[in-house]
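The values are calculated or read from the model by the stated rules, or taken from the named source; none is laboratory data. Note that the structure is predicted; figures quoted are calculated from it, not measured. Counting neighbours? That spans all protein chains shown, and the Cβs are built from the backbone with ideal geometry, glycine included. To get the accessible areas, we keep the full protein, side chains included, count just its heavy atoms, and leave off ligands, DNA and RNA. Shrake-Rupley method; radii C 1.70, N 1.55, O 1.52, S 1.80 Å.
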Amino acid sequence: MNYFYILDILVLVVLLIYLLGGLIKGFKKSLRRLIALLIPTILLFVFLTPITKGIMKTEVNLAKIDNVIEVIPDEFTKETYSIDKAISLVIGSYVYPDDPTLQEDSEVQKLVLSASSMIVKIVVYFASLSAVWLLSIIIRIILRIIFGKEKRTGKLIGLGLGFAEFIIFFILVFLPIFGTLSTASSIVDDLSIYAPEDDLNEVAIYTDMYENSIIKKVVFKPLTKVFCTKKTVSCDAQYVLSAFTFKVNEEKVNLCDEYLEIKEALPSITKVIEVAENLSSEEEMVVNLSNFTDEDIENISSILRNSHLIRASIPAIFEYVIYSSNDMENDYSKIINQLKNLDWDKELIAIADLINVLKDHNDLEINVGNLEYVIQSEGVIYLVEDIVSGAFQINLVTEIVLPLAIDVLEEEFTTGEFENFEIDFTEIKSIDWKTDGSPFVSTVLSIYKEYLKTNINFTDFTVALNDEKLPDFVTFTFDELEKSNIITDKLLPVLMQILIANLETNETMSNLDIDFDALKSVIWKDNLDSIKILLHDLVISYQTLDINPDEFNLVLKNNKLQIELDKAVNNILNCDVFAEYILPIAMNALINSLEENEELGSRKISFSRNLYIERDDFIEEKPNKKWKRLALGVEVRLMHAYFITANSVEKDE
């Protein structure tokens, strides 16, 4: 049995009553009745929004409300608040219990308050229907007093006016009911298609009943085909959704437009969800972009461009995620303030443009589980280049995400074992990613594309050294690096600081008597060209000599050895950083290795009361924790010998 036939019968009965009433009462009396109903109906639609606003500003005593529902925090029961303020405070206290600022003003509150205003508007509408009937009766009485009794003439016209009166009644009472049912039916149908659940299937039985009701088939479906530009949603549902409008961030949100926008994009969104589910399950780690048509990509980007509700929800989601992902020791208020200051309209348009980039790459099939495939796929590289370049046009990325990532990185390298090395991230923090980010990415990817083209096997160092394409690749890499100011002026100095700090913490390196402070003072940008020439020529020399570590004697007999050694020495001496820093480190490491090699033999050295040390290896007062040489009151160990302590110093007059 179709339970919705009851509504069909009810509508039919009401229609007959109005038609018979118009036929019996005649033209003039039916006209008075129509006017008496039309006037309060117009007043209802005109004053519905102002009445709702007035109700939202009404002062309420939360203590009395809390006595009934017992969910309002005690601190809000001591004063009276307007309804909208009370809703904001209560929601804020539950969503952001530890942040008084966000309790007063947050994006989540704005959304909830707008939704609450719409709910109040619906309640006011249905509550006002009784006032409409009462006012209609009063107007009819007044009109009857003014015009007196009328003869029942013009019955056919009265029949038409009775039908008009029925239409008004239908719009006031039945259409909201049918529209709500139709909206629910459409939503359930969508959910049952794209997210099938047993519970939804049970509800879908009733929605099918409604879709098969007489009034749905005879009235609403034909009207939808004739009058509605959007055929995917019934006209009664569109009427109801269009009536539910509210403001978010001073923007008028029409639920009908929002629902139609989301409904149109729902199949495309479902594809995205399926990809995410596949990636989360370890069974299938393939992203097949060919599953996404240009229309799918356009639908998703269109939501970000056109949906006011989505544009209002995303800042609220970011705000809540930032708040919930931090403990009270971290100052997340700065990030939340930055989020509030963003022009989200421009941000979401930029994100939509970024999504549209996928149209140029939707022939790719990316095996995320196969890292070797990902890093060697030229198609993936071009996709990454377009996505990253587009991301640098989004202020959310350049002003919030990247600075936050750099702050996290700085904290990682300025605490713990690196705390005393004073690694300076100031230059990296000063990078203008919006302007310089894309050239930086282009430089990195240009080097990577060249690597893919040369196909040098860096997994086997010996094979890579003997690859004839390696010298040109070294030159190309350094030439590209020198084109990027971010790399040469910002990133390279910090990367070298981190590398040197790692060397300082290495026990083996700390025994080589390396002047790390001098190494830190090197301006690496000025040495890139000489390092490029040195590495290029060293590789060519290595390949010319055809060095085989297992047959080193053959290398010594090579008649080209002297020439290549002369070139190598000249290049090393011409490269200041190698001559002054790297070469001494290498020689110290070699000497240390030879000293520890027992196969080379040994000799005894007497350890007497007189020790001679380099003047630079002693200082009276230890300057800092990094000083590992002799100082007054400091115990040090002599290499391959004993621990000694300098207790005093005697100076010549």
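Within the bounds of region 457-472, is there any residue that is in contact (Cβ under 8 Å) with a residue 12 or more places away in the chain and small (Gly, Ala, Ser)? The answer is no, given that none of the residues of region 457-472 is in contact (Cβ under 8 Å) with a residue 12 or more places away in the chain and small (Gly, Ala, Ser).
Name the residue that is surrounded by the fewest Cβ atoms within 10 Å (Cβ to Cβ), counting only residues in region 591-627 that are under 23 Å from Phe516 (Cα atoms), at pLDDT below 75 and among the charged types (D, E, K, R). Out of the qualifying residues, it is Lys625.
Across region 45-89, the qualifying residues are those that are in contact with a Leu (Cβ under 8 Å, 6 or more places away or on another chain) and in contact (Cβ under 8 Å) with a residue 24 or more places away in the chain, and the one among them that is most open to solvent (accessible area, probe 1.4 Å) is Ile87.
Quick check, is Gly633 on the phi > 0 side of the Ramachandran plot and modelled with pLDDT of 75 or more? For Gly633, the condition - on the phi > 0 side of the Ramachandran plot and modelled with pLDDT of 75 or more - is met.
Within region 98-119, does at least one residue satisfy the condition of being farther than 30 Å from Ile335 by Cα and surrounded by 14 or more Cβ atoms within 10 Å (Cβ to Cβ)? Scanning region 98-119, I find at least one residue that is farther than 30 Å from Ile335 by Cα and surrounded by 14 or more Cβ atoms within 10 Å (Cβ to Cβ), so the answer is yes.
So that you can scan it fast, the table gives a plain yes or no per residue for (1) open to solvent by 20 Å² or more (accessible area, probe 1.4 Å); (2) at pLDDT 80 or above; (3) in contact with a Lys or Arg (Cβ under 7 Å, 6 or more places away or on another chain); (4) of a type in the set (A, V, I, L, M):
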site: Ser213; (1), (2), (3), (4): no, yes, no, no
site: Lys216; (1), (2), (3), (4): no, yes, no, no
site: Val219; (1), (2), (3), (4): yes, yes, no, yes
site: Leu223; (1), (2), (3), (4): yes, yes, no, yes
site: Thr229; (1), (2), (3), (4): yes, no, no, no
site: Asp236; (1), (2), (3), (4): no, yes, no, no
site: Tyr239; (1), (2), (3), (4): yes, yes, no, no
site: Phe244; (1), (2), (3), (4): yes, no, no, no
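For Ile423, the requirement of being in a loop (DSSP other than H, G, I, E, B) and in contact with a Ser or Thr (Cβ under 7 Å, 6 or more places away or on another chain) is met. Any residue at all in region 120-128 that is among the charged types (D, E, K, R) and open to solvent by 40 Å² or more (accessible area, probe 1.4 Å)? No, there is no match, as no residue in region 120-128 is among the charged types (D, E, K, R) and open to solvent by 40 Å² or more (accessible area, probe 1.4 Å).
When Leu15, Leu31, Leu10, Leu37 are checked against the criterion of being open to solvent by less than 20 Å² (accessible area, probe 1.4 Å) and assigned to a helix (DSSP H, G or I), a single residue qualifies: Leu37. Listed by position, the helices (runs of 4 or more DSSP H) enclosed by region 511-575 that each have at least 2 residues that are modelled with pLDDT of 80 or more, over 30 Å from Asp616 (Cβ atoms) and not aromatic (Phe, Trp, Tyr) are 524-545.
Number of residues in region 384-408 that are among the aliphatic types (A, V, I, L, M), in a helix (DSSP H, G or I) and crowded, with 17+ Cβ neighbours inside 10 Å equals 7.
Evaluate region 462-470: report whether one residue or more is in contact with a helix residue (DSSP H, G or I) (Cβ under 9 Å, 6 or more places away or on another chain), open to solvent by 70 Å² or more (accessible area, probe 1.4 Å) and either more than 24 Å from Lys532 (Cα to Cα) or modelled with pLDDT of 85 or more (or both). Yes: one or more hits.
Return yes or no: is Glu372 open to solvent by less than 70 Å² (accessible area, probe 1.4 Å) and either assigned to a helix (DSSP H, G or I) or at pLDDT below 80 (or both)? No: the conditions fail for Glu372. Check whether at least one residue in region 156-168 is open to solvent by less than 70 Å² (accessible area, probe 1.4 Å), modelled with pLDDT of 75 or more, β-branched (Val, Ile, Thr) and assigned to a helix (DSSP H, G or I), and report yes or no. The answer is yes; a qualifying residue exists.
Examine region 123-146 for a residue that is of a type in the set (Gly, Ala, Ser), under 24 Å from Ile317 (Cα atoms) and in contact with a Pro (Cβ under 8 Å, 6 or more places away or on another chain), and state whether such a residue exists. Scanning region 123-146 turns up no residue that is of a type in the set (Gly, Ala, Ser), under 24 Å from Ile317 (Cα atoms) and in contact with a Pro (Cβ under 8 Å, 6 or more places away or on another chain). Filter region 277-312 down to the residues that are modelled with pLDDT under 75, loosely packed, with under 15 Cβ neighbours inside 10 Å and assigned to a helix (DSSP H, G or I) and list them by number. Matches in region 277-312: Glu277, Leu279, Ser280.
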